Amino acid sequence: MKLHRLLLALLTGLALAGSASAQEAFDIKQGDSIVSALNFGQSDHVVIALHGFRGSRDFFADYGPDFAKAGLRVISINWPGTAGAGFPELTTAVKYAKEQGAKKVSLLGFSRGAELAANFARNQGDGEFDTLVLFSTVDDQGLAMAKTKKVFAFNKSDSIARWAPASAEKSAEPKKVFALGGGGHPIKTLVAEKADLMQDVIAEIKK
């Protein structure tokens with residue numbers, strides 16, 4: 001009987017652990033705005049993930065579960081993916097996260113999504129976001145915010161993200177820069193250069 005209960009408790013724990021990091025598609029509705037999203041995990045620290053040009057909310061599907069298992073909640077959203085766009089969708093997502101009880105909100109973006117994250121954060125007060133994670137950013141400006149952690153990751157020979165080194169250099173502390181030796185632009189090429197990149201990024205977010 002005791003063995004049966006022990007096995008049942010173990011299986012229940014495994015099921016809960018799996019569901020905590022499971023991918024869930026949903027729509028965020030705020031007034032007339034509807035933003036399509038993917039959710040990974042549950043936490044009061046929400047990381048809003050932003051794809052690049054021609055991307056979708058699915059871009060972070062390979063990495064969201066790792067963030068969830070580390071105790072973060074990831075909400076990956078659809079947005080137009082073009083320069084100058086995305087503020088309405090990101091505003092909706094941030095508002096939703098706070099209404100859901102988020103005590104901390106971080107932004108994570110790839111390529112044009114990183115540019116959107118940086119520009120959006122510049123329009124908020126310093127410290128509004130806990131961490132900005134910028135993968136292969138095409139933003140050419142520094143981030144002067146001293147209360148916001150900043151994480152840059154890029155391949156030094158990536159011609160598409162050729163502004164990333166200067167953006168990182170011009171940004172204020174606190175910051176962490178992963179300047180990698182490859183030439184690819186996609187996130188998977190960053191991970192190919194540094195297999196534990198996502199674990200290091202998670203550690204920076206959770207500091």
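Out of region 182-205, which residues are closer than 18 Å to Gly55 by Cα and more than 18 Å from the chain's Cα centre (by Cα)?
Once the filter is applied, which keeps residues that are closer than 18 Å to Gly55 by Cα and more than 18 Å from the chain's Cα centre (by Cα), region 182-205 yields only Gly184.
Within region 174-207, can you find the residues that are closer than 20 Å to Phe129 by Cα, assigned to a loop (DSSP other than H, G, I, E, B) and either touching a Ser or Thr at 6+ places or on another chain (Cβ under 7 Å) or among the hydroxyl-bearing types (Ser, Thr, Tyr) (or both)?
none
Check region 34-50 and report whether any residue there is at pLDDT below 95 and assigned to a strand (DSSP E or B). Before you say what the answer is, go through the steps one by one.
First pass over region 34-50, keeping only residues at pLDDT below 95: none.
Scanning region 34-50 turns up no residue that is at pLDDT below 95 and assigned to a strand (DSSP E or B).
Give me the residue from region 156-173 that is among the charged types (D, E, K, R) and not in a helix (DSSP H, G or I) and, out of that set, surrounded by the most Cβ atoms within 10 Å (Cβ to Cβ).
At the first step, the residues of region 156-173 found to be among the charged types (D, E, K, R) are 156, 158, 162, 169-170, 173.
Add one more test, that the residue is not in a helix (DSSP H, G or I), and what stays is 156, 158, 162, 173.
On the way: Lys156: 14, Asp158: 21, Arg162: 13, Glu173: 8.
Among those residues, the one meeting the criterion is Asp158.
Quickly run through region 43-77 and pick out the residues that are aromatic (Phe, Trp, Tyr) and touching a strand residue (DSSP E or B) at 6+ places or on another chain (Cβ under 9 Å).
Initial filter on region 43-77 (aromatic (Phe, Trp, Tyr)): 53, 59-60, 63, 67.
Of everything in region 43-77, those that are aromatic (Phe, Trp, Tyr) and touching a strand residue (DSSP E or B) at 6+ places or on another chain (Cβ under 9 Å) turn out to be Phe59, Phe60, Tyr63, Phe67.
Mind listing just one residue for me: the one in region 45-79 that is more than 18 Å from Asp196 (Cα to Cα) and of a type in the set (Gly, Ala, Ser) and, of those, surrounded by the fewest Cβ atoms within 10 Å (Cβ to Cβ)?
Among residues in region 45-79 that are more than 18 Å from Asp196 (Cα to Cα) and of a type in the set (Gly, Ala, Ser), the one surrounded by the fewest Cβ atoms within 10 Å (Cβ to Cβ) is Ser56.
Which is among the aliphatic types (A, V, I, L, M) and within 23 Å of His185 (Cβ to Cβ), of Val151, Val105? Break it down into steps so the answer makes sense when it comes.
Values: Val105 fails: within 23 Å of His185 (Cβ to Cβ).
After applying the criteria, what remains is Val151.
Condition first: within 18 Å of Tyr63 (Cβ to Cβ) and touching a Lys or Arg at 6+ places or on another chain (Cβ under 7 Å). Now tell me which residues in region 135-151 satisfy that.
Val151
Looking only at region 24-44, count every residue that is closer than 16 Å to Ile205 by Cα and either touching a residue at least 60 places away in the same chain (Cβ under 8 Å) or surrounded by fewer than 21 Cβ atoms within 10 Å (Cβ to Cβ) (or both) and tell me the total.
3
Given the residues Leu180, Leu190, Leu134, which is the only one that is in contact with a helix residue (DSSP H, G or I) (Cβ under 7 Å, 6 or more places away or on another chain), closer than 16 Å to Val47 by Cβ and hydrophobic (A, V, I, L, M, F, W, C)? Break it down into steps so the answer makes sense when it comes.
Values: Leu180 fails: closer than 16 Å to Val47 by Cβ; Leu190 fails: closer than 16 Å to Val47 by Cβ.
After ruling out the rest, the residue left standing is Leu134.
Given the criterion free of Cβ contacts under 8 Å to residues at least 40 places away in the same chain, under 13 Å from the mean Cα position of the chain (by Cα) and under 27 Å from Ser157 (Cα atoms), identify the matching residue among Leu107, Leu134. Full working, then the answer.
Numbers: Leu107 fails: free of Cβ contacts under 8 Å to residues at least 40 places away in the same chain.
One residue alone meets the criteria, Leu134.
Output yes when any residue across region 84-94 is modelled with pLDDT under 95 and over 14 Å from the mean Cα position of the chain (by Cα), and no when none is.
First pass over region 84-94, keeping only residues modelled with pLDDT under 95: 84.
Adding the requirement that they be over 14 Å from the mean Cα position of the chain (by Cα) leaves 84.
Yes: region 84-94 contains one or more residues that are modelled with pLDDT under 95 and over 14 Å from the mean Cα position of the chain (by Cα).
For region 73-103, enumerate the residues that are part of a loop (DSSP other than H, G, I, E, B) and either free of Cβ contacts under 8 Å to residues at least 40 places away in the same chain or closer than 18 Å to Ala114 by Cβ (or both). Before you say what the answer is, go through the steps one by one.
Residues of region 73-103 that are part of a loop (DSSP other than H, G, I, E, B), as a first pass: 78-86, 100-103.
Scanning region 73-103 gives Asn78, Trp79, Pro80, Gly81, Thr82, Ala83, Gly84, Ala85, Gly86.
The values are calculated or read from the model by the stated rules, or taken from the named source; none is laboratory data. Note that the structure is a prediction, hence the values are computed from the model and not measured. Neighbour counts run over all protein chains shown; Cβ positions are idealised from the backbone, glycine included.
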